[in-house]
Amino acid sequence: MSPYNKLVSSYSKSLVLTLVPELSSINQLNNDSERLKNNQLSTLFKIGDELFQLGALFTTSSIIRNYLQNPTYSEEKKLDLILELFFDLNSSTTAFLKVLTERKHLYLLPDIAKNLQEYLLKLQKISKVKMIVASPLEPQFGPKIIQLLKTITKSSEIHLEISYDPNLLGGFRLEYSSFVLDASLIKDIRSILV
């Protein structure tokens, strides 16, 4: 893991573990989600939502992104801009932004938000799966695929992203976490040719 990714992950984990002190480690998210207090979870989800919105603004607005990445502006000015645009942020979100400001890490915000969203999905037992197919799927296969993926991932819900790649020639490719299942025709052809 690169130093940048370690830093992003560290901030996300710290945020979760600070707001939900019952967790002794981030690995307990799947096991302990039922016993956590609702007020802690609602605060955590509110902060996750706010950080996601901030991260989305950062990535979609080139003017805002350029301003926040410009080293000639002070971190305090950058924070002032964020707080002016998002004037009703949760006090915990504001405190977190101040920590990022003090450490000159506001530029990490989009990636921290994305990483935190992954933890929140894990907490809700929701898995993100990417499926690449060679041709459009028949509608009747959708529910069967979702049910199979729920069983494989041990998730209560699946966020399935389907994309098309005619270069696969046939079959599909599944990507989940760090797992890849390649059941494409092109893979079979390549294995025969090698």
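The values are calculated or read from the model by the stated rules, or taken from the named source; none is laboratory data. Just so it is clear, the structure is predicted and the values come from calculations on it, not from any experiment. All Cβ positions, glycine included, derive from the backbone under ideal geometry; neighbour counts span all protein chains shown. Heads up: the accessible areas ignore ligands, DNA and RNA and are worked out on the full protein's heavy atoms, side chains in. Shrake-Rupley method; radii C 1.70, N 1.55, O 1.52, S 1.80 Å.
State all residues of region 100-118 that are under 16 Å from LEU68 (Cβ atoms) and among the hydrophobic types (A, V, I, L, M, F, W, C); if no residue qualifies, say none.
Scanning region 100-118 gives LEU100, LEU106, LEU108, LEU109, ILE112, ALA113.
Go through region 68-90 and give me each residue that's open to solvent by 30 Å² or more (accessible area, probe 1.4 Å) and either touching a Leu at 6+ places or on another chain (Cβ under 6 Å) or under 19 Å from ARG103 (Cβ atoms) (or both).
Listed by number, the residues that qualify are GLN69, ASN70, PRO71, THR72, TYR73, SER74, GLU76, LYS77, ASP80, LEU81, LEU83.
Inspect all residues belonging to region 97-107 and state whether any of them is surrounded by 15 or more Cβ atoms within 10 Å (Cβ to Cβ), within 30 Å of SER74 (Cα to Cα) and touching a residue at least 60 places away in the same chain (Cβ under 8 Å).
Yes - at least one qualifying residue is present in region 97-107.
Working only within region 130-147, note down all residues that are within 20 Å of LYS187 (Cβ to Cβ) and aliphatic (A, V, I, L, M).
Within region 130-147, MET131, ILE132, VAL133, ALA134, LEU137, ILE145 meet the criteria.
Has region 100-119 got any residue that is in a loop (DSSP other than H, G, I, E, B) and more than 25 Å from LYS13 (Cα to Cα)? So that I can check it myself, show each step before the final result.
Keep residues of region 100-119 that are in a loop (DSSP other than H, G, I, E, B), which gives 103-105.
Adding the requirement that they be more than 25 Å from LYS13 (Cα to Cα) leaves none.
No, every residue in region 100-119 fails to be in a loop (DSSP other than H, G, I, E, B) and more than 25 Å from LYS13 (Cα to Cα).
Would you check which residues across region 151-184 are open to solvent by 60 Å² or more (accessible area, probe 1.4 Å) and not in a strand (DSSP E or B) and list them? Explain how you work it out, then say what you get.
Within region 151-184, the subset open to solvent by 60 Å² or more (accessible area, probe 1.4 Å) is 151-152, 154, 156-157, 159, 161-162, 164, 166-167, 169, 172-173, 176-181.
Within region 151-184, THR151, ILE152, LYS154, SER156, PRO166, ASN167, LEU169, SER177, SER178 qualify.
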